[in-house]
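These notes are about the structure you will find just below.
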Amino acid sequence: MKTYVGKEAIANLIQFLQDNRARYVTLVSDENEYAALGQRVEEALREQEFEVKNIVLRGEEIGASERYIVQVLLPADLEERVYIAVGSGTLTDIVRFVSYRTRSFFISMPTAPSVDGFAASGSAMTIMDYKQTIQSRPPVAIFADLDTLCNAPRDLIASGFGDMFGKYTALADWELSNLLMDEPYDAEIAARSQAARDLCAQRAGVLEQDWEQDIKSVMEALIEEGLCMLLTNNSRPASGAEHQFSHFWEMRLLRENRPAIFHGTKVGLASILVAKYYEMIRELSKEQAIERLHKTQKFDPQQEIQKIHEGYGEGIAESIIRTQSRHLNMTDQDYEDLKARIIDRWEDIQVVANKVPAPSEIQKLLTQVGGATHPESVGLTQRDVRDAIQYAMYVRKAFTILNVCQMLGLKLVI
């Protein structure tokens, strides 16, 4: 994958297309992104005599959903076209999906360092109000114009930082799942993800001392995170319980016709909450863990199904239930074996928990970059937070700290 972050992104794009003998292109943006960069890209392509189809999506809140997928699919023709996504992670997800389904290549041109998924192969889509990651294809190249990135809205930049700070809990969840569920774990990829995260944490502390370098570093870290997901062919290096919270909130806001919140903003807020779960684990001795496990009974699958219906509504519940088949079909023996493994590996679990910063440290990092640190500041209510605590663990099938705390009877109180 060709990647470039700098002031000559458009020139590099044109050279890449010429080197690969691409003539037909479809440019996809929305009204804001077209004004920020898309128009300059279109003009430069036409000057070089590329045949350009220009699609500008319209609407107050562009989402990776059926409505906008169709708008990009309809103009498709029989020519072998390269799709160019000019915009956010949402635009990239739409184009990633369409290019995959039309057997086309696509190029990403981010306009803000806002999310970590630009280089990934999965599209985060909301289909029939259900948030899910759908297999698509990675871009063949990423060209990020540094001037455009530097002039992006500050809340979008803060969103990118928030997405990266979510790796504190995501990487811990991945390691935890490897310890307790034998999920495949790649230490080298985890180290790359951690290095990208740490770079963003370092930049947060000196933000604006060298603005261009700060933004360039963050964008490169976000691309690196996407490459980590691409290499593992899943989102584990970048996504854990904090993303379960984020997706729960996203589905609720959509279902209740409430204003959307940037993905990384939600992830940053959720990381503070998930760090509190790890804090509870750190404060628990092995003897206390054993006592709690002996007292806590295996969940009732029917009660779990009822909770899923309560938390997600009839339209989404059946999809969630299918996703949770491993959890719901766990036998009594499986449950006892898992309890024994938690006890046997408690010291290792503590090592993992100690890698997660205190909630106040994540809050400080978000404050340094101008990110949201309180749910109410972005329109989330106490009910939204309480319900996420109760229902978010069902969003994905991934085993996370939320599963461990359920078994220990540890409940987050806000």
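The values are calculated or read from the model by the stated rules, or taken from the named source; none is laboratory data. None of these values were measured; they are calculated from a predicted model. Neighbour counts run over all protein chains shown; Cβ positions are idealised from the backbone, glycine included.
At-a-glance table
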| quantity | calculated |
| --- | --- |
| Subset of segment 352-367 (residues that are surrounded by fewer than 18 Cβ atoms within 10 Å (Cβ to Cβ) and either touching a His at 6+ places or on another chain (Cβ under 9 Å) or assigned to a helix (DSSP H, G or I) (or both)) | Ser360, Glu361, Lys364, Thr367 |
| Candidate set from segment 73-94 (those that are farther than 24 Å from Asn12 by Cβ and not charged (D, E, K, R)); member that is surrounded by the fewest Cβ atoms within 10 Å (Cβ to Cβ) | Leu78 |
| Search result, residues across segment 24-72 that are surrounded by 20 or more Cβ atoms within 10 Å (Cβ to Cβ), among the small types (Gly, Ala, Ser) and modelled with pLDDT of 95 or more | Ser29, Ala36, Gly38 |
| Yes/no for Glu318 being within 20 Å of Phe245 (Cα to Cα), assigned by TED's automatic domain parsing to the domain that holds Leu171 and exposed (fewer than 12 other Cβ atoms within 10 Å of the Cβ) | no |
| Which listed residue is assigned by TED's automatic domain parsing to the domain that holds Ala170 and under 18 Å from Lys397 (Cβ atoms), from Glu242, Glu310 | Glu242 |
| Test: residue in segment 166-174 that is of a type outside the set (Ser, Thr, Tyr) and within 30 Å of Asp147 (Cα to Cα) | yes |
| Hits in segment 148-157 - residues which are part of a helix (DSSP H, G or I) and surrounded by fewer than 24 Cβ atoms within 10 Å (Cβ to Cβ) | Thr148, Cys150, Arg154, Asp155, Leu156 |
| Yes/no for Phe106 being within 30 Å of Pro259 (Cα to Cα) and modelled with pLDDT of 95 or more | yes |
| Single residue of segment 120-147 satisfying the filter (in contact with a Leu (Cβ under 7 Å, 6 or more places away or on another chain) and surrounded by 24 or more Cβ atoms within 10 Å (Cβ to Cβ)) that is nearest to Glu314 (Cα to Cα) | Ala120 |
| Pair list, Cβ under 7 Å, 6 or more apart: segment 1-30 residue free of Cβ contacts under 8 Å to residues at least 40 places away in the same chain, other residue in a loop (DSSP other than H, G, I, E, B) | Ile14/Gln48; Arg23/Phe50 |
| Members of segment 229-286 found to be surrounded by fewer than 21 Cβ atoms within 10 Å (Cβ to Cβ), under 23 Å from Leu156 (Cα atoms) and among the hydroxyl-bearing types (Ser, Thr, Tyr), listed by number | none |
